[in-house]
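These notes are about the structure you will find just below.
The values are calculated or read from the model by the stated rules, or taken from the named source; none is laboratory data. The structure presented is a predicted model; accordingly, all values stated were derived computationally and were not measured. As a convention, Cβ positions derive from the backbone with ideal geometry for all residues, glycine included, and neighbour counts pool all protein chains shown.
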Amino acid sequence: MSDRPAAEREPGSYRDPSGFVFRREGVLYRQVNTVFADDWAAFESSGLHQALVGEGVLVADKPAAIDMAPEQGAVAVIQPDEIGFISFPYEWSFSQLKDAALLTLRAQAMASERGMTLRDASGYNVQFREGRPVLIDTLSFERAREGEPWKPYRQFCEHFLAPLALMAHRDGRLGLLLRTWIDGVPLDLASELLPRRTRFSAGIAAHIHLHARAQQRHAADAGKPDSGAAPRSVTMSEGRRLALLDHLRRTVEGLRLPAHGTEWADYADQTSYSAAGTASKEAIVRRMLEAVAAEGGRRAWDVGANTGRYSAIAAAAGFEVLAADIDWAAVERHYLALRAAGEKRIMPLLADIAEPSPAIGWANVERASLLERANADVVIALALVHHLAIGRNVPLAMVAELLARLAPNLVVEWVPKEDPMVQRLLASREDIFADYSAEGFRAAFARSFEIVDEAPIEDSRRILFRMRALS
Amino acid sequence: MRLVFAYIDPGAGSLIIQAIIAAMVSIPFFFRNAIRSAFERFRRKPADGSGAANATITPEDSGAAPSDPE
């Protein structure tokens with residue numbers, strides 16, 4: 001082991017004693033521990049491993065040398081395929097979370113057919129790869145035991161069903177509760193927040209309302225010796241377990257966002273410029289992105305992507321695109337459109353660049369902040385700067401500084417004060433933005449970037465810039 | 001020997017309620033499955049003897065055994 005490069009354990013991989021994830025020289029590995037040897041062997045011999053990977057339900061992996069294991073007690077080491085960008089459930093729109101939930105149930109169904117079962121149903125075990133959800137925890141499967149209930153039931157309800165029900169029946173923004181509750185939305189809270197009418201919907205009534213009541217009721221007798229609530233005393237036939245899982249699947253599939261959430265007319269295309277202006281903007285953005293691609297750029301972050309008009313241009317220029325937006329309805333619409341088109345290179349993400357996802361969990365390192373996950377070669381910031389500078393009072397120099405932290409290249413749009421979109425932001429407030437001018441913008445950005453290319457957008461007073469961060 | 005049991009807490013209340021819910025939903029579940037398999041048997045074996053002209057299984061029929069039609 002001594003001649004191996006140092007291993008660094010992934011900070012989010014500590015809960016499960018069956019193994020853990022680590023990196024050596026940037027390469028991702030997973031150690032499987034001896035305590036899990038029998039289940040790992042069954043995972044292979046049942047054909048489940050191969051079937052899951054074959055159907056794209058589980059991320060592929062290849063065996064690695066056992067002496068790569070950084071800790072004692074390894075029975076195997078594998079090298080899973082890397083995911084281009086790691087995202088978290090609180091950064092997904094409704095349909096992304098719903099697809100992740102259905103994927104989890106699909107994995108369980110495939111496991112059931114082979115005498116295996118899921119050991120957990122965490123939202124963090126799902127990632128998006130090429131536009132589709134995929135399980136990343138290869139150690140999530142164990143042999144099913146006769147008469148055993150579905151152990152991840154509670155976790156599934158807290159990580160998936162509760163936030164989905166809240167988004168569908170209360171408000172699309174409530175997925176963000178997952179940011180506060182890393183172990184999933186507490187069911188008593190979900191039950192309280194859900195509208196009364198959901199008590200008459202069989203799935204939600206059972207899996208959330210009654211489930212929450214049962215939790216509260218049995219929390220008290222957990223310590224008593226003869227409460228009958230000991231997990232081992234609850235048994236369930238295989239048939240009933242299948243019925244429960246089928247019911248969960250139907251419940252998830254039945255959840256829909258209210259129509260107004262995703263079908264706002266003209267919502268995406270609300271712009272202040274003409275068709276000629278739009279064509280001109282698209283042509284310039286394409287030219288600038290192709291120039292970055294020609295220098296070897298592969299990953300783009302489209303910040304304020306809305307429903308992805310320019311993300312598509314970046315994808316066409318050869319980039320893998322993270323399309324972030326603050327508006328959950330825009331992210332939802334974007335995801336649905338990409339899914340329908342089978343687009344694989346764009347990942348829509350719910351994020352506010354003025355308040356990026358923080359690091360959460362144990363020691364504040366378990367789930368990395370959005371800025372810590374910055375891996376782009378270019379940031380695309382179109383019709384964004386005025387929202388930050390005027391909408392959020394961020395000084396232009398600070399906007400530039402943040403964008404320079406995200407990537408070495410920038411394609412940015414300057415929107416002058418006379419522009420109707422800026423005027424709209426100023427409509428109800430005092431104009432305290434004396435420095436918000438083209439000169440002020442250039443001066444502020446010159447502290448973090450050099451301008452490589454610039455072009456005015458036809459038929460408007462907006463200007464597009466391609467910049468390179470000063471090192 | 002099983003050394004690794006549930007590393008997550010399945011929750012006492014969650015275990016009990018899932019057993020109750022499973023018992024309830026298993027009734028329509030099995031009913032649906034029974035209807036489905038009866039339907040499939042019927043489709044696969046059209047009334048024996050009669051309608052011999054149509055008795056051969058078409059390619060659609062042989063493929064029409066979805067594990068879940070929904």
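The figures follow:
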| item | result |
| --- | --- |
| Of residues in the stretch A:161-181 being of a type in the set (Lys, Arg) and in a helix (DSSP H, G or I), the one surrounded by the fewest Cβ atoms within 10 Å (Cβ to Cβ) | A:Arg173 |
| Of residues in the stretch A:421-471 being surrounded by fewer than 16 Cβ atoms within 10 Å (Cβ to Cβ) and of a type in the set (Ser, Thr, Tyr), the one farthest from A:His386 (Cα to Cα) | A:Ser471 |
| Selection from the stretch A:32-63 of residues that are polar (S, T, N, Q), surrounded by 15 or more Cβ atoms within 10 Å (Cβ to Cβ) and away from every other protein chain (no Cβ under 14 Å) | A:Ser46 |
| Residue within the stretch A:61-71 that is at pLDDT below 95 and at positive phi present | no |
| All positions within the stretch A:412-430 that are within 15 Å of A:Leu396 (Cα to Cα) and not β-branched (Val, Ile, Thr) | A:Glu413, A:Trp414, A:Pro416, A:Lys417 |
| Every residue from the stretch A:102-124 that is within 24 Å of A:Glu343 (Cα to Cα), surrounded by 22 or more Cβ atoms within 10 Å (Cβ to Cβ) and out of contact with any Pro (no Cβ under 9 Å at 6 or more places or on another chain) | A:Ala107 |
| Matching residues, the stretch B:11-29, being of a type outside the set (Val, Ile, Thr), within 7 Å of chain A (Cβ to nearest Cβ) and part of a helix (DSSP H, G or I) | B:Ala12, B:Gly13, B:Ser14, B:Leu15, B:Gln18, B:Ala19, B:Ala22, B:Ala23, B:Ser26, B:Phe29 |
| Some residue of the stretch A:396-415 being in a loop (DSSP other than H, G, I, E, B), surrounded by fewer than 17 Cβ atoms within 10 Å (Cβ to Cβ) and assigned by TED's automatic domain parsing to the domain that holds A:Ile326 | no |
| Test for A:Gly184: is it part of a helix (DSSP H, G or I) and under 22 Å from A:Arg250 (Cβ atoms) | no |
| Test: residue in the stretch A:116-123 that is in contact with a strand residue (DSSP E or B) (Cβ under 6 Å, 6 or more places away or on another chain) and on the phi > 0 side of the Ramachandran plot | no |
| Wholly within the stretch A:12-101, strands (runs of 3 or more DSSP E) carrying at least 3 residues that are among the hydrophobic types (A, V, I, L, M, F, W, C) and within 18 Å of A:Gln127 (Cα to Cα) | A:19-24 |
| Residues that are in contact with a Phe, Trp or Tyr (Cβ under 7 Å, 6 or more places away or on another chain), within 26 Å of A:Arg240 (Cβ to Cβ) and within 12 Å of chain B (Cβ to nearest Cβ), drawn from the stretch A:118-140 | A:Leu118, A:Arg119, A:Ala121 |
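Residue by residue, here is whether (1) within 30 Å of A:Gly123 (Cα to Cα); (2) at pLDDT 95 or above holds:
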| residue | (1), (2) |
| --- | --- |
| A:Ala374 | yes, yes |
| A:Ala381 | yes, yes |
| A:Leu402 | yes, yes |
| A:Leu426 | no, no |
| A:Ile432 | no, no |
| A:Glu450 | no, yes |
| A:Arg468 | no, yes |
| A:Ser471 | no, no |
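To keep it simple, each residue is scored yes or no on (1) assigned to a helix (DSSP H, G or I); (2) charged (D, E, K, R); (3) in the same structural domain as A:Ser13 (by TED's automatic domain parsing); (4) farther than 21 Å from A:Arg129 by Cβ.
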residue: A:Ala323; (1), (2), (3), (4): no, no, no, no
residue: A:Ala329; (1), (2), (3), (4): yes, no, no, yes
residue: A:Glu332; (1), (2), (3), (4): yes, yes, no, no
residue: A:Leu336; (1), (2), (3), (4): yes, no, no, no
residue: A:Ala340; (1), (2), (3), (4): yes, no, no, no
residue: A:Ile353; (1), (2), (3), (4): no, no, no, yes
